[in-house]
Each structure stands twice: as C-alpha cells, then as structure tokens.
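The values are calculated or read from the model by the stated rules, or taken from the named source; none is laboratory data. On a predicted model such as this, the values are computed, not experimentally measured, just so you know. Heads up, the Cβs are rebuilt from the backbone with ideal geometry, glycines too, and the neighbour counts pull from every protein chain shown.
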Amino acid sequence: MIIGTGVDIIEIGRIREAVEAWGDRFLQKILNPEEIAYARAHVIPYPHYAGRFAAKEAIYKAVGNRTLTWKDITVLNDPDGKPVCHLQGKTVQGKIHLSISHTRYYAIASAVVEA
C-alpha cells in the first residue's frame, strides 16, 4: 500500500549559482559528505547536486514528516546505480522508493513511500 508520494523539480542553474556564490558552505548545509563526493566524481557536478536536492524535497513531501532535516537524509546509489535513501537518526514508516533524472537544465526526483 502506498503511504505517500512526492515529486520535486529544480533548475540546475539555481544550484550552480548557489554553489558559485556560497561554495562549500552551501553544499555542506544541504548535502552530506558522501553526496558531495558522489557529485564531485563527475566532470560537471551541478546536475548531481541538483538531483540530490530534488530527491530530498520529494522525500519530505512523500513522508509528510517536517521534522526531517537536510542532513537526516542521504541519497546514494546502490551497486546497480539505483538511487536509495538512507535516514540518519530518523525512522519512517514504510519503505522509500526513489527515482532521480536530469536534463541539461532541470533535475527531477520522485519518491514513493510504501507500507
């Protein structure tokens, strides 16, 4: 049974502008070290920063728990490349399914919480 769904889309340029303006301070506020390292492993990291940002927003919406913070959620990839959500110090009722995609200009993520 589906408990909740969430979707978020963000302009990659907005994330790029924030990173250029505030640098690591911005990244460390919204992403965990593993997420930053994942994005930096790519030639152009901005779509990956934006994808993680959108994923966290989608998870907030799907879970409906406003007590989660940016740092409570870590979005990584499993060995097959599928994005997965790890919650640090928090529990959510159900399993979170996650999908992330991006184009040249936008990143989008969808989250589904299943009982």
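Rundown of residues vs (1) surrounded by fewer than 19 Cβ atoms within 10 Å (Cβ to Cβ); (2) closer than 28 Å to residue 1 by Cβ, yes/no style:
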| site | (1), (2) |
| --- | --- |
| 41 | yes, no |
| 46 | no, no |
| 53 | no, no |
| 61 | yes, yes |
| 68 | yes, yes |
| 76 | yes, yes |
| 93 | yes, yes |
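Does residue 54 count as out of contact with any strand residue (DSSP E or B) (no Cβ under 6 Å at 6 or more places or on another chain), modelled with pLDDT of 95 or more and either assigned to a helix (DSSP H, G or I) or on the phi > 0 side of the Ramachandran plot (or both)? It would help to see each step written out before you state the result.
Working: out of contact with any strand residue (DSSP E or B) (no Cβ under 6 Å at 6 or more places or on another chain): no; modelled with pLDDT of 95 or more: yes; either assigned to a helix (DSSP H, G or I) or on the phi > 0 side of the Ramachandran plot (or both): yes.
Criteria not met by residue 54.
Six or more apart or on different chains, Cβ atoms under 8 Å: show the pairs whose first residue is in the range 92-107 and within 14 Å of residue 62 (Cα to Cα) and free of Cβ contacts under 8 Å to residues at least 60 places away in the same chain and whose second is of a type in the set (Ser, Thr, Tyr) and crowded, with 18+ Cβ neighbours inside 10 Å.
If the second residue must be of a type in the set (Ser, Thr, Tyr) and crowded, with 18+ Cβ neighbours inside 10 Å, the pairs left are 98/110; 99/110.
Among the residues of the range 1-58, write down those that are farther than 18 Å from residue 106 by Cα, of a type in the set (A, V, I, L, M, F, W, C) and in contact (Cβ under 8 Å) with a residue 60 or more places away in the chain.
Across the range 1-58, the qualifying residues are 1, 2, 3.
Please determine, by comparing only the residues of the range 51-97 that are of a type in the set (A, V, I, L, M) and touching a Lys or Arg at 6+ places or on another chain (Cβ under 8 Å), which one is nearest to residue 37 (Cα to Cα).
Of all residues in the range 51-97, those of a type in the set (A, V, I, L, M) come to 54-55, 58-59, 62-63, 68, 73, 75-76, 84, 87, 92, 96.
Of the ones still in play, those that are also touching a Lys or Arg at 6+ places or on another chain (Cβ under 8 Å) are 68, 73, 75.
Values: 68: 22, 73: 15, 75: 12 Å.
My answer is 75.
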